[in-house]
1. Mind telling me which of the residues 89, 151 ends up being under 19 Å from residue 29 (Cβ atoms) and in contact (Cβ under 8 Å) with a residue 12 or more places away in the chain?
2. Within segment 111-130, does at least one residue satisfy the condition of being under 22 Å from residue 161 (Cα atoms), within 16 Å of the chain's Cα centre (by Cα), free of Cβ contacts under 8 Å to residues at least 40 places away in the same chain and surrounded by 15 or more Cβ atoms within 10 Å (Cβ to Cβ)?
3. When you go through (1) surrounded by 14 or more Cβ atoms within 10 Å (Cβ to Cβ); (2) touching a residue at least 12 places away in the same chain (Cβ under 8 Å); (3) part of a loop (DSSP other than H, G, I, E, B) one by one for residue 72, which number turns out not to apply?
4. Which one is farthest from the chain's Cα centre (by Cα), of the residues in segment 131-148 that are free of Cβ contacts under 8 Å to residues at least 40 places away in the same chain and farther than 12 Å from residue 173 by Cα?
5. Kindly indicate the residue of segment 29-61 that is surrounded by 15 or more Cβ atoms within 10 Å (Cβ to Cβ) and assigned to a loop (DSSP other than H, G, I, E, B) and also modelled with the lowest pLDDT among those meeting that condition.
6. Hey, any hits in segment 123-140 for a residue that's farther than 28 Å from residue 71 by Cα, at pLDDT 95 or above, part of a helix (DSSP H, G or I) and in contact with a helix residue (DSSP H, G or I) (Cβ under 8 Å, 6 or more places away or on another chain)?
7. Check residue 221 against each of (1) out of contact with any helix residue (DSSP H, G or I) (no Cβ under 6 Å at 6 or more places or on another chain); (2) over 25 Å from residue 85 (Cβ atoms); (3) touching a residue at least 12 places away in the same chain (Cβ under 8 Å) and name the one condition it does not meet.
C-alpha cells in the first residue's frame, strides 16, 4: 500500500521533536500490535484469494483517506487509524498463514524482529546524523509506482523474480522510512502525529512483507 499524506499548514501548535517522536512511535507500536492480533486471529481461517481479505484491504484504504480527511479531529483520526491497523491484519492474514503453514511460525517471528531492528536502525541513522532525504520523496514515489506497475505486469509476463521484487520493495521503503523519520525530526512538515504514525506504519508493514518473502525464498532454496 503506497498511500502518502500531503503536508498542509499545521492545525496544532508545534511540540518538541522528542515529544513528537514519542507520540508517533507510541501510536505506531499500538497499531502494529493490533495488526499482529488480527493477523493471529484470522491467519488460520482466511485462505489466499479470499474476498474477505480483499474487502479488508479495500476498507483499510478507505480508512486511510478518512484519516487524512479528519486530521482536524485527532481523536477521531486516531480511532480510524487503529481500525485501519486491525483491518490491515485481516488483509495480510492469508499471507501470514501461508508462511506459517509452509515454514512454521518462526519465519514470521524472524521477519517481524528483523523489521523492528531495521526500523530502529533507520530512525537512529536519521537522528544521529541529521540525514534528510525529504527532497527525494517524489523520486521514491515514482520508483514505487513503477515497481507496482512492474509487479502487476509480471503476474502475466513473469519477467521479475519474486526475490528481486522483494529486495526492490525493501530498498524503496527503507528510503521512504528515512524520509519519514527526517520529517518527524523536522517537526512534521504540517502533518499530525496520527498521519506521521500512519506513514511509519505503512513503511514497516511493507518492509515486513518484503523480508518475509525474502526469508521464504531462502528457505525454499535450502
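The values are calculated or read from the model by the stated rules, or taken from the named source; none is laboratory data. Keep in mind the model is a prediction, meaning the values are calculated, not measured. Cβ sites come from the backbone with ideal geometry, for glycine too, and all protein chains shown count toward neighbours.
1. 89
2. Scanning segment 111-130, I find no residue that is under 22 Å from residue 161 (Cα atoms), within 16 Å of the chain's Cα centre (by Cα), free of Cβ contacts under 8 Å to residues at least 40 places away in the same chain and surrounded by 15 or more Cβ atoms within 10 Å (Cβ to Cβ), so the answer is no.
3. Result: residue 72 passes all but (1).
4. Once the filter is applied, the top-ranked residue is 135.
5. If we take residues in segment 29-61 being surrounded by 15 or more Cβ atoms within 10 Å (Cβ to Cβ) and assigned to a loop (DSSP other than H, G, I, E, B), then 50 is modelled with the lowest pLDDT.
6. Within segment 123-140, one or more residues are farther than 28 Å from residue 71 by Cα, at pLDDT 95 or above, part of a helix (DSSP H, G or I) and in contact with a helix residue (DSSP H, G or I) (Cβ under 8 Å, 6 or more places away or on another chain).
7. Condition not satisfied by residue 221: (3).
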